[in-house]
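Asker: A single structure is presented below for examination.
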Amino acid sequence: KPGPNDRQITLAVRSYLEREHFTRRPIDDEIAHRWFKIFLESLDPMKIYFIQSDVDAFMQKRDSLDDLVKRGDVSFAYEVFNRFLKRVDERLPLIQKLLNSQQDYMKSESIVIDRDDTTWAQSEAEAEDNWRKRIKYDLLVQKMEKATPEEAKDKLLRRYSSFAKRMHQMNADELLEIYLSSLTSSLDPHTSFMSPGTLENFEIGMRLQLDGIGASLKGEDGYTTVAELVPGGAADKDGRLQKKDRVIGVGQGADGEFVDVVDMNLNEVVKLIRGKRNTIVRLKVIPVGQTVPKTYDITRAKIELKDSEARGEVIEEGRKPDGTPFRLGVINLPSFYMDMAGARQGQAEYKSSTRDCKRLLDEFREKGVDCVVLDLRNNGGGSLPESISLTGLFIDTGPVVQIKDADKKVQQYDDVDPGVSWGGPLVVLTNKFSASASEIVAGAIQDYHRGLVVGDNTTHGKGTVQSLLDLGRQLFQRLPNAPSLGAIKITMQQFYRPSGQSTQIEGVKSDVELPSITTHLPVGESDLDHTIAFDKVPPATFQSSGKVTDDMLKALRDRSVGRVAASEDFQKVKKDIAQYQKRKSEKTVSLVETEFSRQWNDGKPADDEEKKLEESIDPKRPIVKRDFYFKEAMNVTVDYLNTLAGGTAGLARTIPAAEPASP
């Protein structure tokens with residue numbers, strides 16, 4: 001049933017959306033239609049649980065959702081969710097029966113895999129046939145992953161059973177978050193409602209610290225599995241808990257009773273394990289590769305999330321005219337973070353990405369680097385003020401970003417600190433996962449001709465600014481300890497580069513593009529629904545540094561294109577891209593095993609890229625990963641340095657040097 005604060009929260013969210021959202025769009029019938037579609041598909045994205053008669057019954061209230069929200073009425077969410085639970089429970093015996101049935105992998109049939117092309121079954125008979133194909137598809141995936149028939153059946157039964165249990169464990173806060181975020185997403189993809197638990201996790205991510213054992217967990221077919229250990233955290237120092245171990249029980253203190261966490265909602269497991277520093281938590285764990293549980297008692301401690309902070313390394317590449325190598329200072333920056341609570345409280349040493357980068361730049365200067373490489377690949381953004389102050393480390397005073405509000409007023413935000421932390425050559429690495437604050441930095445560096453942008457064709461294309469409104473603080477401003485009611489992250493502004501160009505949808509185009517499958521993945525702003533349109537504002541007044549010229553860019557691109565054409569690795573990437581694009585255009589997958597195997601292998605390059613993205617957030621990842629892609633980015637950097645020096649000696653070769661002849 002609805003939570004005690006649901007009505008109050010819903011009224012506040014609706015009010016803020018209509019008053020504060022960038023579009024100032026009223027919540028009307030069109031928004032209600034979008035909201036209805038997003039909510040149903042958030043519960044049943046592949047349209048395999050509900051049937052059309054369920055949807056028809058819900059449709060009777062679709063046009064009234066905008067009226068219900070004005071009263072703070074969320075009863076529709078519970079009506080839909082209770083029917084969903086009924087359907088989930090009804091499907092489990094069918095799933096079990098299908099998993100134990102003989103499969104015909106020679107029968108010519110296919111399954112729709114494009115969510116936009118799926119439809120709800122018209123009858124129970126059609127629903128059963130859809131499930132038959134779904135289970136057959138799941139079993140074929142397990143075959144491709146080399147699972148035995150028994151392993152595949154056990155894994156899939158546990159997956160669907162665990163899903164059913166998790167759905168029954170969903171609490172009022174979680175359902176309200178799904179329901180209201182379906183409303184907020186109807187206005188634009190970056191406006192969202194956060195429940196109190198989600199807000200707490202968001203704030204942890206911004207301040208990069210919490211109290212706990214220092215383990216990142218994930219839900220996997222009903223089990224809570226250790227995904228990563230934070231280096232230097234309590235669990236890492238203890239040494240017993242390992243990656244891929246399964247946590248099946250959690251106890252508080254030295255002798256507290258164990259709570260069984262198998263099939264428990266992951267958020268609830270995390271709450272049990274987190275706690276005040278210097279207290280004990282006991283974990284019942286099945287170590288990876290074993291079957292007998294072990295008990296580990298770990299003392300909680302303050303955990304610094306160092307995997308998300310700026311890290312630096314000095315590397316040597318190429319040759320100067322005097323024969324010595326260039327020294328390059330590489331900064332790997334995964335996010336733009338700032339401890340907002342610490343800043344609010346006036347703490348002298350609050351956590352900040354700009355402070356950490358400045359420290360690294362000071363170290364680089366002491367080590368005599370010739371160039372700084374700022375790696376913003378996979379950096380999804382973060383704090384807007386941090387993007388401005390961090391850009392100021394590389395440019396003297398001047399405009400960094402222009403921001404337009406809902407009243408169409410444009411305000412210029414400048415770096416006001418005179419001087420720079422690094423005035424030498426600069427290269428910025430980006431990809432399609434570089435978003436928001438990353439695009440502010442890359443766009444300003446490019447507009448000032450301050451440095452070179454190298455990477456995918458363009459960045460993500462998120463050119464909007466969100467503000468976080470804590471609902472408890474907003475509604476109870478006079479209370480010193482306002483209740484935790486969650487927050488709304490609301491799009492209130494659009495940002496523009498100093499040149500007046502928006503990064504919205506178009507992103508920041510690389511000065512030198514390197515072929516990459518990520519350029520072609522459907523992960524950009526243009527691939528999202530209900531995005532805010534691209535536009536421009538007048539350019540700000542600023543002084544170009546002149547450190548990058550059109551003639552220089554043409555020469556750098558030509559040299560890179562020559563090396564890429566001669567590289568076996570990059571030629572394989574181009575083949576993978578062609579294969580992926582062909583696969584992406586297919587809306588269905590054959591359930592004939594031989595054809596399924598072909599389509600599976602065609603999609604592998606994209607899957608491999610997603611695995612690389614997961615590796616990029618591994619806390620033990622290297623600062624610099626010297627693969628062929630990074631090597632070519634450094635070849636471009638060396639070319640750039642030699643061009644700045646006015647010479648051609650030591651330029652990265654257009655064609656690899658010939659191998660010495662065998663004796």
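The values are calculated or read from the model by the stated rules, or taken from the named source; none is laboratory data. Note that this is a predicted model, so its numbers are computed, not measured. Note: ideal-geometry Cβ built from the backbone for every residue, glycine included; neighbour counts use all protein chains shown.
Asker: If a residue counts only when it is modelled with pLDDT under 95, which strands (runs of 3 or more DSSP E) contained entirely in region 435-538 have at least 2 such residues?
Answerer: Qualifying strands (runs of 3 or more DSSP E): 464-470, 487-496.
Asker: Look at region 493-510 and say how many of its residues are in contact with a helix residue (DSSP H, G or I) (Cβ under 6 Å, 6 or more places away or on another chain) and surrounded by fewer than 22 Cβ atoms within 10 Å (Cβ to Cβ).
Answerer: 2
Asker: Look at region 287-307 and say how many of its residues are buried (at least 19 other Cβ atoms within 10 Å of the Cβ) and either of a type in the set (Ser, Thr, Tyr) or farther than 27 Å from residue 359 by Cα (or both).
Answerer: So the answer is 2.
Asker: While we're here: Would you pick out the residues in region 538-577 that are touching a Ser or Thr at 6+ places or on another chain (Cβ under 9 Å), more than 14 Å from residue 639 (Cβ to Cβ) and surrounded by 16 or more Cβ atoms within 10 Å (Cβ to Cβ)?
Answerer: 540, 542, 573, 577
Asker: For residue 255, all conditions in the list (1) at pLDDT below 90; (2) surrounded by 15 or more Cβ atoms within 10 Å (Cβ to Cβ) hold save one; what is the number of the exception?
Answerer: Evaluating residue 255 over (1) at pLDDT below 90; (2) surrounded by 15 or more Cβ atoms within 10 Å (Cβ to Cβ) leaves (2) as the failure.
Asker: Among the listed residues 115, 134, 166, 83, which satisfies the condition of being surrounded by fewer than 14 Cβ atoms within 10 Å (Cβ to Cβ), closer than 30 Å to residue 186 by Cβ and not assigned by TED's automatic domain parsing to the domain that holds residue 268?
Answerer: Step by step, each of 115, 134, 166, 83 is checked, and only 115 is surrounded by fewer than 14 Cβ atoms within 10 Å (Cβ to Cβ), closer than 30 Å to residue 186 by Cβ and not assigned by TED's automatic domain parsing to the domain that holds residue 268.
Asker: Restricting attention to region 60-91, which residues are in a helix (DSSP H, G or I), farther than 15 Å from residue 44 by Cβ and in contact with a helix residue (DSSP H, G or I) (Cβ under 8 Å, 6 or more places away or on another chain)?
Answerer: Result: 62, 63, 64, 65, 66, 68, 69, 70, 75, 76, 78.
Asker: Look through region 559-587, keep the residues that are without any contact (Cβ under 8 Å) to a residue 12 or more places away in the chain and not basic (Lys, Arg), and return whichever of them is farthest from residue 515 (Cα to Cα).
Answerer: 585
Asker: Need the failing condition index for residue 618 against (1) modelled with pLDDT under 65; (2) within 24 Å of residue 319 (Cβ to Cβ); (3) within 28 Å of the chain's Cα centre (by Cα), just the number.
Answerer: In the conditions (1) modelled with pLDDT under 65; (2) within 24 Å of residue 319 (Cβ to Cβ); (3) within 28 Å of the chain's Cα centre (by Cα), residue 618 misses (2) alone.
Asker: On to the next question. So in region 246-272, with the set limited to residues that are in a helix (DSSP H, G or I) and not polar (S, T, N, Q), which one is farthest from residue 211 (Cα to Cα)?
Answerer: 266
Asker: I would also like to ask the following. Just checking, which of 37, 107 is part of a helix (DSSP H, G or I) and basic (Lys, Arg)?
Answerer: 37
Asker: Which of the residues belonging to region 387-397 are at pLDDT 95 or above and of a type outside the set (Phe, Trp, Tyr)?
Answerer: Passing the criteria: 387, 388, 389, 390, 391, 392, 393, 395.
Asker: Further, regarding this structure: Check residue 297 against each of (1) assigned by TED's automatic domain parsing to the domain that holds residue 235; (2) in a loop (DSSP other than H, G, I, E, B); (3) not hydroxyl-bearing (Ser, Thr, Tyr) and name the one condition it does not meet.
Answerer: With respect to (1) assigned by TED's automatic domain parsing to the domain that holds residue 235; (2) in a loop (DSSP other than H, G, I, E, B); (3) not hydroxyl-bearing (Ser, Thr, Tyr), residue 297 is out only on (2).
Asker: Inside region 273-282, can you point out the residues that are under 16 Å from residue 246 (Cα atoms), in contact (Cβ under 8 Å) with a residue 60 or more places away in the chain and either outside any helix (DSSP H, G or I) or charged (D, E, K, R) (or both)?
Answerer: Hit for region 273-282 is 281, nothing else.
Asker: Would you mind telling me which numbered condition in (1) basic (Lys, Arg); (2) part of a loop (DSSP other than H, G, I, E, B); (3) over 30 Å from residue 460 (Cβ atoms) residue 243 fails?
Answerer: Tallying (1) basic (Lys, Arg); (2) part of a loop (DSSP other than H, G, I, E, B); (3) over 30 Å from residue 460 (Cβ atoms), residue 243 fails exactly one: (3).
Asker: Let me confirm something: among 125, 147, which residue is small (Gly, Ala, Ser), part of a loop (DSSP other than H, G, I, E, B), assigned by TED's automatic domain parsing to the domain that holds residue 29 and without any contact (Cβ under 8 Å) to a residue 12 or more places away in the chain?
Answerer: Answer to the check: 147.
Asker: Right, another one. Taking residue 440 and the conditions (1) within 27 Å of residue 370 (Cα to Cα); (2) surrounded by fewer than 18 Cβ atoms within 10 Å (Cβ to Cβ); (3) in contact (Cβ under 8 Å) with a residue 24 or more places away in the chain, which numbered condition does it fall short on, given that it satisfies the others?
Answerer: (2)
Asker: For residues that are out of contact with any Pro (no Cβ under 9 Å at 6 or more places or on another chain), at pLDDT 95 or above and within 12 Å of residue 556 (Cβ to Cβ), scanning just region 630-650, find the one that is surrounded by the most Cβ atoms within 10 Å (Cβ to Cβ).
Answerer: The extreme case among them is 639.
Asker: In addition: Taking the options 181, 161, name whichever one is surrounded by fewer than 21 Cβ atoms within 10 Å (Cβ to Cβ) and either not assigned by TED's automatic domain parsing to the domain that holds residue 462 or not charged (D, E, K, R) (or both).
Answerer: 161
Asker: Here is a follow-up. From the list 432, 408, pick out the single residue that is crowded, with 24+ Cβ neighbours inside 10 Å and of a type in the set (Lys, Arg).
Answerer: After applying the criteria, what remains is 432.
Asker: Here's something else I'd like to know. Taking region 1-60 as the search range and keeping residues that are hydroxyl-bearing (Ser, Thr, Tyr) and buried (at least 19 other Cβ atoms within 10 Å of the Cβ), which one is nearest to residue 90 (Cα to Cα)?
Answerer: Here the answer is 49.
Asker: Which ones in region 112-139 are of a type in the set (A, V, I, L, M) and modelled with pLDDT under 95?
Answerer: 112, 113
Asker: Then there's this: Hey, can you tell me all the residues within region 218-240 that are part of a loop (DSSP other than H, G, I, E, B) and at pLDDT below 90?
Answerer: 221, 222, 230, 231, 232, 233, 239
Asker: Hey, residue 103 hits all of (1) modelled with pLDDT under 95; (2) surrounded by fewer than 17 Cβ atoms within 10 Å (Cβ to Cβ) but one; which does it fall short on?
Answerer: Status for residue 103: all satisfied but (2).
Asker: Something else: Please state which of the following conditions residue 354 fails to meet, knowing it meets all the rest: (1) within 22 Å of residue 215 (Cα to Cα); (2) in contact with a Ser or Thr (Cβ under 6 Å, 6 or more places away or on another chain); (3) not acidic (Asp, Glu).
Answerer: All conditions pass for residue 354, except number (1).
Asker: Inspect region 406-426 for any residue being closer than 28 Å to residue 642 by Cβ and assigned to a strand (DSSP E or B) and give the result as yes or no.
Answerer: Yes, some residue in region 406-426 is closer than 28 Å to residue 642 by Cβ and assigned to a strand (DSSP E or B).
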